Amino acid sequence: MKKTVHVAEFTRLGGQVTELDPAEFIALPPPYDKMEKPPIRTLTDDQRKRMDTTLDGIVAVGLQPPATPEEEKAFIEKFLAGLEKLFSVEDNWTFLQPLMHTLEYCVKCQICSDACPVYVSSGRQDIYRPTMRPELFRRIVSTYVKKEHPLLRKIKGSDIELNWQTLARLAELAYRCTLCRRCAQVCLLGCDNALVSREIRKVFSQQMGIAPKEIHEKGSVQQLRVGSSTGMTPAALKDILEFTEEEIEAKLGRKIKIPVDKKGAEILLIHNAGEFIAWPENLEAFVIILDAAGVDWTLSSEIAGYDSINYGVWYDDVQFARVAIRQSQAAKSLGVRKISFGECGHAHKAGIVIADRVVAGDLNIPRESSLPLLEEIVMSGRIKLDPSRNDFPVTLHDPCNMVRLMGIVEPQRRILKKICPQFREMTPHGVENYCCGGGSGFAITQSTNFPDWRNSVSGRMKMKQVLDAFQDAPGPEVKKYVCAPCSNCKGQFRDMLDYYGAWEKSSIYYGGLVELIVNAMVDLKQPFIQWEWH
Amino acid sequence: MGTLIVVLTYIAYVFIVVVYSVKIVAWLRMPPHIRWDLYPVIHEEHYRYGGSYYEQPEWWTKPRPRNTWRSLLYSLKDNFYMGEYYERNRLYWLFLLPWHLGFIFIITFHVLCFFAAAAMVAGLDIAAGSAQLAGKGFYYLLLITGGIAFVTGTFGSMGMPIVRLADRGLRNFSMPMNYFNYLFFLVVYGSGLLAWLFLDPTLDEYRTYWVGLITLTPPELHPVTILHIVLFDLFLIYLPFTRSTHYITRILAYFFIRWDDEPNLRGSALEKRILGLLQQKISWEGKHIPKGKSWVEAAIESGLPEKK
Ligand code: SF4
Ligand code: SF4
């Protein structure tokens with residue numbers, strides 16, 4: 001029988017709260033049921049010494065143990081001071097109401113557990129229950145923030161004795177949740193355990209300056225400093241765009257000038273700059289479509305104006321606001337009528353929905369998704385399309401941020417149904433989709449053994465869904481396409497398909513939506529999608 | 001004894017109404033938050049598949065039809081049905097639903113008793129064989145609501161601790177208070193059930209009790225009925241200390257968090273409130289956050305020293 005993990009175990013000094021056993025993970029269909037390499041690398045002794053690994057042996061944050069008892073005390077006190085701020089209107093008006101509601105009204109019925117892909121995929125490890133983080137958090141709040149009477153804490157079972165290691169484990173645990181909010185969707189009480197994960201991340205970042213370096217230092221900080229989390233400066237952007245123009249000319253047989261900083265354009269397209277480097281074909285496809293449809297658009301070369309990412313949405317309200325404001329400023333200085341976000345889920349949610357109550361006045365420039373615009377172009381017949389060019393199995397991944405979190409469900413489907421004769425849905429899909437496993441910054445978190453965990457645990461349910469969607473042609477003879485209109489999801493698919501050897505075993509490739517549209521364009525002599533891209 | 005239960009009942013009702021109101025007002029008075037909507041949003045036109053107004057190009061130029069009644073019915077429905085529990089943990093649902101129905105029906109029963117008693121004071125005869133149709137109607141309505149309350153409440157309170165202990169996840173997240181609640185509520189409903197089955201099958205005593213409350217005349221009641229009424233009053237006083245406000249706050253959370261898709265349009269009242277909130281000073285201590293600045297000021301700065 002599975003060992004039950006109690007909250008009290010998070011306060012135990014030393015040891016590991018849970019040992020993951022890949023044999024317990026949910027099964028994948030053959031031949032994926034037998035992995036040749038160990039699914040999760042164990043850390044070296046040196047890594048274990050430098051970083052706290054006592055949650056599950058995985059490292060995303062990797063807090064360094066304090067050198068002295070004084071250091072430990074100072075750490076705990078600073079954290080608790082931050083925790084109090086979470087409950088203040090001044091410091092946390094942004095999420096006070098949803099946070100308070102979840103903390104007060106969750107009845108711990110565990111109905112949300114089975115909705116969580118991480119919990120289920122891991123073989124139902126207690127530590128990954130959506131309720132585990134909030135429970136640990138609630139006890140710390142009850143004991144140290146509300147300072148409830150010890151007797152009351154006994155009755156409520158909310159007593160806890162804090163030490164540094166508990167906090168180190170809490171920090172790690174906040175990065176075992178993809179913020180997909182599938183758990184929140186099934187809660188009849190309107191509670192949202194994903195939000196608690198985010199609020200925990202926030203205390204660590206806003207109060208302690210602690211966050212995975214890929215998200216903070218190399219992410220939002222780098223974006224604010226040079227313009228993009230990729231490190232791409234405005235000058236480098238220009239070089240990349242020139243290269244993109246050449247590529248387009250080679251494929252299309254004619255040159256298209258990519259508009260940059262075009263004053264008074266109708267649309268400012270903010271794209272995920274990571275695409276320019278990792279999947280340049282996505283930008284190329286956008287350029288080809290917008291040009292063919294005669295859209296008046298431009299890119300920006302302003303700081304943050306050419307990179308749609310806004311990692312703050314996962315961990316830090318201040319960083320979030322900084323990027324959102326700069327994106328709006330870029331649009332304002334160009335005098336565009338609206339901002340359109342390219343294929344990036346978290347950028348959609350961040351830039352269109354979350355920023356909605358951050359930017360105001362003349363910075364509140366209308367913002368929308370590019371998917372309805374693409375749908376309009378495809379359906380209007382403005383570009384000539386031949387669906388037989390996409391006659392291979394295609395399935396659609398729903399990025400959580402775009403679909404469950406903002407209700408853009410059908411435009412991408414209507415496009416695929418029109419241009420892909422072998423389109424099939426995953427089960428479940430739409431607003432009930434499963435996260436790719438790379439949500440909330442996981443896809444870019446590459447340190448130590450975290451990618452192994454991401455591929456084998458948080459992404460496992462999605463991998464299973466993909467394989468199930470293609471079960472009519474499981475072998476490598478038939479080439480198959482997972483359409484993921486999101487850069488982060490694509491990052492996760494790239495790693496995960498490689499991890500499982502899905503190209504070799506099943507010829508499964510992934511890509512965006514616009515690539516499929518351009519692939520169907522009769523103007524192109526050669527197919528746009530090159531399977532060799534895998 | 002009669003005087004005691006009249007006084008206790010008034011205290012209990014005033015207490016529960018005041019504390020519930022305070023809690024709900026406090027909930028509602030929290031400042032507006034950043035949007036955190038989750039789909040399907042039931043007032044949306046395409047709620048069936050979870051679509052939003054963002055599915056249209058230039059959504060801000062289009063009407064945003066909103067069906068508030070549908071949302072209200074949807075959110076209320078689950079107070080009586082609890083569909084997710086039915087789908088995801090049927091055994092739990094089997095006890096949880098009756099347990100909750102017990103709450104709803106016992107409160108409804110007492111509210112109806114009040115109206116019945118008021119009607120009796122006005123001259124209505126409430127009995128099975130009443131010559132007045134309204135009297136007959138009241139009689140059966142009280143019998144049905146009271147009966148359902150006692151039976152479902154007792155059944156649920158007996159089953160809940162069993163299912164909680166039998167389920168690994170539920171057991172691990174249980175607190176001593178849960179088991180106290182089950183026991184206490186079992187005594188409340190059980191005493192009502194016993195009084196009804198063996199002493200007062202027409203529930204006449206409750207009408208007498210409520211007439212006494214309205215006319216401020218201490219009623220003459222059987223000791224078991226008195227016991228149940230005292231327990232019920234204590235139950236009313238105890239409820240605000242539990243999470244029971246969730247009957248209401250869950251609906252608020254649906255409307256004001258999960259389904260709050262109100263865009264912040266230029267010049268709107270919402271924009272004004274947000275601008276006010278953005279002026280507040282923040283005290284976060286992370287190195288990337290400037291000290292003593294407001295949200296706006298902190299957001300305008302890039303937060304880190306320039307690279308040398
Ligand atoms: S969050 Fe909701 S579904 Fe999950 S345990 Fe709490 S009340 Fe139940
Ligand atoms: S947000 Fe997603 S990953 Fe996180 S606990 Fe909920 S269901 Fe699990």
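Here are the numbers for this structure:
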read-out: Residues being among the charged types (D, E, K, R) and touching a Lys or Arg at 6+ places or on another chain (Cβ under 8 Å) - total across region A:1-23; value: 1
read-out: Helices (runs of 4 or more DSSP H) within region A:159-259 that include 1 or more residues touching a strand residue (DSSP E or B) at 6+ places or on another chain (Cβ under 9 Å), touching a residue at least 12 places away in the same chain (Cβ under 8 Å) and within 16 Å of ligand 1 (Cβ to nearest atom); value: none
read-out: Any hit, region A:51-74, residues being within 14 Å of chain B (Cβ to nearest Cβ) and not hydroxyl-bearing (Ser, Thr, Tyr); value: yes
read-out: Matching entry among B:HIS222, B:HIS228 (being at pLDDT below 95, within 30 Å of B:PHE185 (Cα to Cα) and open to solvent by 30 Å² or more (accessible area, probe 1.4 Å)); value: B:HIS222
read-out: Total residues in region B:286-296, condition charged (D, E, K, R) and loosely packed, with under 15 Cβ neighbours inside 10 Å; value: 2
read-out: Region B:18-43: number of residues that are at the interface with another protein chain (Cβ under 7 Å from one of its Cβ atoms) and more than 17 Å from A:THR94 (Cα to Cα); value: 3
read-out: Positions within region A:456-469 being buried (at least 23 other Cβ atoms within 10 Å of the Cβ) and of a type outside the set (A, V, I, L, M), in sequence order; value: A:SER456, A:SER458, A:GLY459, A:ARG460, A:LYS462
read-out: Residues within region A:298-320 that are surrounded by fewer than 23 Cβ atoms within 10 Å (Cβ to Cβ) and more than 30 Å from A:TYR175 (Cβ to Cβ), tallied; value: 3
read-out: Selection within region A:1-30 - over 17 Å from A:PRO130 (Cα atoms), in contact with a helix residue (DSSP H, G or I) (Cβ under 7 Å, 6 or more places away or on another chain) and open to solvent by 60 Å² or more (accessible area, probe 1.4 Å); value: A:LEU13
read-out: Qualifying residue in region B:264-273 (condition: out of contact with any Pro (no Cβ under 8 Å at 6 or more places or on another chain), in contact (Cβ under 8 Å) with a residue 60 or more places away in the chain, within 14 Å of chain A (Cβ to nearest Cβ) and open to solvent by 10 Å² or more (accessible area, probe 1.4 Å)); value: yes
read-out: Where A:ILE339 falls short, out of the listed (1) at pLDDT 95 or above; (2) buried (at least 24 other Cβ atoms within 10 Å of the Cβ); (3) in contact with a helix residue (DSSP H, G or I) (Cβ under 7 Å, 6 or more places away or on another chain); (4) within 11 Å of another protein chain (Cβ to nearest Cβ); value: (4)
read-out: A:ALA347, sole failed condition from (1) assigned to a helix (DSSP H, G or I); (2) touching a strand residue (DSSP E or B) at 6+ places or on another chain (Cβ under 8 Å); (3) hydrophobic (A, V, I, L, M, F, W, C); (4) over 26 Å from A:LEU516 (Cα atoms); value: (4)
read-out: Answer residue from region A:85-119, given it is of a type in the set (D, E, K, R) and more than 8 Å from ligand 1 (Cβ to nearest atom) and is farthest from A:ALA194 (Cα to Cα) among those; value: A:GLU90
read-out: Filter pass, A:LEU103 being within 25 Å of A:GLY459 (Cβ to Cβ), touching a residue at least 40 places away in the same chain (Cβ under 8 Å) and within 16 Å of ligand 2 (Cβ to nearest atom); value: no
read-out: Conditions (1) within 12 Å of chain B (Cβ to nearest Cβ); (2) closer than 20 Å to A:LEU189 by Cα; (3) open to solvent by less than 10 Å² (accessible area, probe 1.4 Å): number failed by A:THR94; value: (2)
read-out: Residues within region B:274-293 that are outside any loop (DSSP other than H, G, I, E, B) and more than 9 Å from chain A (Cβ to nearest Cβ), tallied; value: 1
read-out: Candidates A:ASP114, A:ASP159 - the one that is more than 13 Å from ligand 2 (Cβ to nearest atom), open to solvent by 10 Å² or more (accessible area, probe 1.4 Å) and farther than 18 Å from B:HIS246 by Cβ; value: A:ASP159
read-out: Output for region A:120-142, where each listed residue is farther than 25 Å from A:LEU162 by Cβ and either facing chain B (nearest Cβ under 9 Å) or within 15 Å of ligand 1 (Cβ to nearest atom) (or both); value: A:VAL120, A:ARG124
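The values are calculated or read from the model by the stated rules, or taken from the named source; none is laboratory data. Everything numeric in this text was worked out from a predicted model, so none of it was measured. Reconstructed Cβ throughout: ideal geometry from the backbone, glycine too, with neighbour counts over all protein chains shown. Ligands, DNA and RNA are stripped out before the accessible areas are found, and what is left, the full protein with its side chains, is counted by its heavy atoms. Shrake-Rupley method; radii C 1.70, N 1.55, O 1.52, S 1.80 Å.
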